[in-house]
Amino acid sequence: MTRTRLGRGWKRQTARSGEDSDETPLQQKLVVVALLVLVKHGKSKEVSLGRLHQSYVKICKKFNFTPLDFEEFSHTCSLVESRGIVSLKKKTN
């Protein structure tokens, strides 16, 4: 299981890109929104990738976007991580 954690990189990323020119792709923004929703309503800043995908699908349906399947979603989360916005880590047993 992979866990996702919201990092401080979001603030740095938005500051670097500037207010007028946000080049973050829509699907990556939706991933961050889904994570923010889960973190806001939960007690932990860490959520499983499966739970994050469920939240993402609900948000996509609410706003009439076609959600990515889990594999594509997982790849998109990796892209968000490469921007320094979130950190993905493997769950240790």
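The values are calculated or read from the model by the stated rules, or taken from the named source; none is laboratory data. The model shown is predicted, which means the values in this text are computed figures rather than measured ones. Cβ placement follows ideal geometry from the backbone for every residue including glycine, while neighbour counts extend to all protein chains displayed. Heads up: the accessible areas ignore ligands, DNA and RNA and are worked out on the full protein's heavy atoms, side chains in. Shrake-Rupley method; radii C 1.70, N 1.55, O 1.52, S 1.80 Å.
Between the residues Val57, Ile85, Gly42, the greatest Cα displacement towards the positive end of the dipole of the range 29-87, with unit charges on the Cβ of Lys, Arg, Asp and Glu, is found for Gly42. Note that the range 53-93 carries a Kirkwood radius of 11.4 Å, evaluated over its alpha carbons pair by pair. Of Ser44, Ser55, the residue with the largest accessible area leads and the full order is Ser44, Ser55 (1.4 Å probe).
Going down the list Lys43/Lys89; Lys40/Lys91; Lys29/Lys62, which pairs span over 20 Å between their C-alpha atoms? As for pairs spanning more than 20 Å Cα to Cα, those are Lys40/Lys91.
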